[in-house]
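Before any comments, here is the structure.
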Ligand SMILES: Cc1cc2nc3c(=O)[nH]c(=O)nc-3n(C[C@H](O)[C@H](O)[C@H](O)COP(=O)(O)OP(=O)(O)OC[C@H]3O[C@@H](n4cnc5c(N)ncnc54)[C@H](O)[C@@H]3O)c2cc1C
């Protein structure tokens, strides 16, 4: 049996494990890092995603700290025109592959073991040996871990290609996952007569837009959308170095609406008035908020689909019918059902929060919702630059993974509190000012250096938010109670 030695054993080479490794490599110049992952290549769930997926947020703040992800220019066409690029599936995979093969491994301090499954921790605390298995050979492999195990699998990301749908699929039913759609041209003599999208999240929206842009008529699409969702307006979430005003408006609108709202729904209604939040159908009040980011052009396209089935879930599909608990909906023969029901981030994880730093284990979660790679990089910085778990955990309480309109004010409150903790600490404040994954830090640092006149717009933010904090906390605590009662 092969036994390796390392300081940090990171389980999971997705966005989280890689952002952590990339920052730790710079912050702790003496440590050795080992990454293991079941997948054959770096990038985690992105390996399994549909080929037409893109980031929904601008690429400027996704990936790892040491490498830009996309060119610094605006898109000139399509539904993201006028905004900064959203990395495409192939670009994300190439980016992570380049990171591992051109930076991490050549550093001489990082080992990467793909196709390797973590099995168990040490049986004897005095001999910290962790066990894994080479997936193809079945051979065991062990790692003696001198410092810490880093769990970068906490998010339990789920995508349609790898999850099992929760409904029955009758014989001879045409069934697909979004990743199958680009191959439809190969069956041009047997194309579907109709499409049924099952699921109400961002994957379903991507799928609907793909079909519409491919020329499918909106009338040829039925859409099972159990819950409607609010989405963040991408126009306001552009890179700070170019569009700081948008981010200022986003932040101010969150604080001001949270301060005056009666509850989560009221807050979203006010945010819509400010242009911060968008929804597909203005006659329906959404109850879901999964932090999706979308453009106004995409919302307009999605609004063309009117055959929407709300408030219930499909229990079975047949060649020409969808079966709900209380009704059967007939569809044309030859309908293609597209499963978009995987929950990208299973929000059940909400009940599974734990301290980031716990003895010999680091569990990577959210520090600020929904900044996944930033949270992991920040955790690496804190791991390398602070002495004990208590000090580290005080800087990094896990942020709540809220998923409804009723509970989102809890996230808003927690993010503002976390931002205050981090900016009051000299070291984490300096990290934010240079972390490309932080939405505003480096841009503001640069403006300060250049005495940029745009800084004037920032002057009011701190005092305004501070004046609203008591009301934000009142709404946030009520939302927290709802969040915690949901388990
Ligand atoms: C379609 C889609 C689009 C998204 N777009 C955005 C976006 O624009 N912006 C944004 O911020 N977020 C986005 N997200 C969310 C975000 O990308 C994910 O939350 C993030 O990538 C999660 O990364 P991860 O490393 O935790 O998980 P994963 O990518 O799932 O990586 C975890 C890895 O751990 C490995 N693993 C698990 N168990 C073991 C084991 N026992 N042994 C070895 N390896 C193991 C898995 O093989 C996997 O490779 C998106 C998510 C999806 C699904």
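Tabulated data for the structure shown
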{"quantity": "Mean separation of Cα contacts under 8 Å, 6 or more apart, over the residue count of segment 337-487: relative contact order %", "calculated": "24 percent"}
{"quantity": "Ordering of 209-215, 277-283 by burial proxy (mean other Cβ atoms within 10 Å per residue, highest first)", "calculated": "277-283, 209-215"}
{"quantity": "Efficiency of FRET between residue 360 and residue 190 - r from beta-carbon atoms, R0 60 angstrom, step 0.05", "calculated": "0.60"}
{"quantity": "Order of 183, 22, 387, 75 - criterion: other Cβ atoms within 10 Å of each residue's Cβ, fewest first", "calculated": "387, 183, 75, 22"}
{"quantity": "Separation of the residue 168 and residue 134 label points, Cα + 7 Å toward Cβ, nm", "calculated": "4.4 nm"}
{"quantity": "Extension reserve of the residue 452-residue 477 stretch, reckoned as 0.36 nm per residue once the Cα distance is removed", "calculated": "5.2 nm"}
{"quantity": "Percent of Cα-Cα distances greater than 11 Å, calculated over segment 1-40", "calculated": "65 percent"}
{"quantity": "Hydrodynamic radius by Kirkwood, which averages 1/r over all alpha carbon pairs of segment 233-283, in angstrom", "calculated": "11.4 Å"}
{"quantity": "Overall dimensions of the chain by Cα: Rg and Dmax, Å", "calculated": "23.2, 68"}
{"quantity": "Segment residue 115-residue 485, extension gain: residue separation times 0.36 nm, minus the distance between their alpha carbons", "calculated": "129.3 nm"}
{"quantity": "Theoretical ellipticity at 222 nm over the chain - DSSP helices of four or more residues, -39500 (n - 2.57) apiece, nearest 500", "calculated": "-10000 deg cm²/dmol"}
{"quantity": "Using a Förster distance of 51 Å, the FRET efficiency for residue 459-residue 51 (Cβ separation, nearest 0.05)", "calculated": "0.65"}
{"quantity": "Rel. contact order, % - alpha carbon contacts under 8 angstrom, at least six apart, the chain", "calculated": "19 percent"}
{"quantity": "Footprinting exposure proxy for 95, 408 (fewest neighbouring C-beta atoms within 10 Å first)", "calculated": "95, 408"}
{"quantity": "Residue 142/residue 90 FRET efficiency (R0 25 Å; Cβ-Cβ; nearest 0.05)", "calculated": "0.10"}
{"quantity": "Relative pair counts by distance (%), Cα atoms of segment 61-146, 5 Å bins", "calculated": "3, 11, 14, 14, 14, 13, 10, 7, 6, 5, 2, 1"}
{"quantity": "Cα gyration tensor, segment 348-467 - rounded (a/c under 1.5), prolate or oblate", "calculated": "oblate"}
{"quantity": "Computed over segment 1-120, Kirkwood Rh from alpha-carbon pairs, angstrom", "calculated": "15.3 Å"}
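FYI, it's all coordinate maths here, none of it is from the lab. None of these values were measured; they are calculated from a predicted model. All Cβ positions, even for glycine, are placed from backbone atoms using ideal geometry, and neighbour counts span all protein chains on display.
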